[in-house]
Amino acid sequence: MLKQIYDEQDLPMEDLHKIGLAANGGLNLDNDDRIALLSGRRTSMLRLENLFSDGLHIPFLDAKISLKSNPPGDLDLLVHPIYKQAMQPSFLTDTEAEELEKGEVPNIEKAIKDNEGHTRDVLVEFDRETNEFIVTDQSRILAPDRVNGEYLSLDQKERYRKGKEVELPDGTVLQYSGTEKQGIRSNKLALIASLVIDGGLSFALYQGLHYLFGEKKHRDDADIFTKGYFDDLEEMQKQERIDPALTQKPENQYNRSYSRTGSR
C-alpha cells in the first residue's frame, strides 16, 4: 500500500489528453491504474497511440506512466518506455545492480542522501518490463494495519516497508512491490487490506495479484480464502456498497480454508 499523494484535480489533463489517456475532462484509465498514478506509482504497461514528439509522429508506444511534482508545485507526466539498456543508479554497486537485473533478489535497501543532504532509506527494484531501476522512498510505503482479519505486528509492518515477505497465521503471504501497479505481490489472488483511521477500519480489496517473487505461477490454493477474508469482504460491502457478487463464495472454498485455520 502507498499513501495517495496527489489529487485527481491536479493531474496534467492536457498532457494526458495528448497521449490518449484523458477525454472530456476524465481519465481513460482503469481504477487500479488511476490509484497507482495518484499514489506516486507507475501504471501497468499501456498502449499509447498517435504521439508527436520533436516533430516526429509515433504511431504507438508501449509504456508505463507516472507523475512527479516540479518546483512550482505542478505535476509533470513521466512516460516510461521499454529501454534498450538499463541506467544504473550511482548508489548501487555493480554487484547489486546485476543481482536485481538477473532477478536474483527482489529488492535492495539503500540509505542515500537527497539534494538537500538529508538521508533517506529507499527500496530499489528492477522493472523487467521497462528494463529500468525503480527507487521508492520507504517513508511513503504504507503498511496495512490488518489483512484478512489478521492484525500485523510492528515487526511485520517494518518487514513490509522493507520489501520483505510477511506471512500471516491464515497462510497468506504478502510483499510490497513498486513494480506492481497495486503495490503488492501475494501467494493469494486476492486479499483485503485495512487501515485504522480515526478509530475505524478503512478497507481495500486487491484482486488479480501476481505471485510472489521467485515463483513462476500461483499454487493451486491461490483462490482459496479464509473466513477472515470473507468477513472483511462483507464488512467492506456494508461500508462501500460494493457489488454483492464479490462476496459470493463457493462452499468448498469456505470449508477448506476455515478448517485449516481453526475456529475464531
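A short reminder: the numbers here are calculations on the coordinates, not readings from a lab. What you are looking at is a predicted structure, and each value in this text was computed from that prediction instead of being measured. In this analysis, Cβ positions are derived from the backbone assuming ideal geometry, glycine residues included, and neighbour counts consider all displayed protein chains.
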Using the Cα atoms as the points, what is the convex hull volume per residue of the stretch 94-140 in Å³?
89
Listed residues P71, P144, P81; largest mean-square fluctuation, Gaussian network over the chain with Cα springs below 10 Å, found at P71
With a Förster radius of 25 Å, plug the Cβ-Cβ distance of K162 and E96 into 1/(1 + (r/R0)^6) and report the FRET value to the nearest 0.05.
0.95
In which sequence would V124, V147 go, from the one with the fewest C-beta neighbours within 10 Å to the one with the most?
V124, V147
For the chain, with a Gaussian network of springs between Cα atoms less than 10 Å apart, report the residue from G163, G20, G200 with the top mean-square fluctuation.
G200
Could you tell me what a quarter of the Cα convex hull surface of the chain works out to, in nm² with one decimal place?
17.1
Out of the trypsin sites (Lys or Arg not before Pro) in the stretch 200-237, which ones are loop residues according to DSSP with at most 16 other C-beta atoms within 10 Å?
K216, K217, R219
With the Cα gyration tensor of the stretch 8-81 in hand, convert its eigenvalues to equivalent ellipsoid semi-axes via √(5λ) and list them largest first in whole Å.
19, 15, 12
Can you compute the helix-only [θ] at 222 nm over the chain? Use -39500 (n - 2.57) per DSSP H run of at least 4 residues, normalise by all residues, nearest 500 deg cm²/dmol.
-6000 deg cm²/dmol
For the chain, longest principal axis from Cα atoms; helix 251-261 axis from its Cα atoms; angle between them, nearest 10 degrees, is 80
Put a dot 7 Å past each Cα toward the Cβ at D137 and F60; how far apart are the dots in nm?
3.7
Mind listing the phi-derived Karplus ³J(HN,Hα) values for the stretch 108-115, rounded to whole Hz, using 6.51, -1.76 and 1.60 with θ = phi - 60°, and x for any glycine or proline?
9, 8, 9, 9, 10, 9, 7, 5
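Residues with beta-carbon under 15 Å from that of D114, excluding D114: net charge, scoring Lys, Arg +1 and Asp, Glu -1? Working shown, then result.
Details: positive: K68, K110, K113, R120, R140; negative: E116, D121, D137.
Charge balance near D114 sits at +2.
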Distance in nm between pseudo-label sites at D76 and Q4 (7 Å out along the Cβ direction from Cα):
2.6
Distance violations [Cα-Cα > 30 Å] among K84/K113; K68/K110; K164/K238:
K164/K238
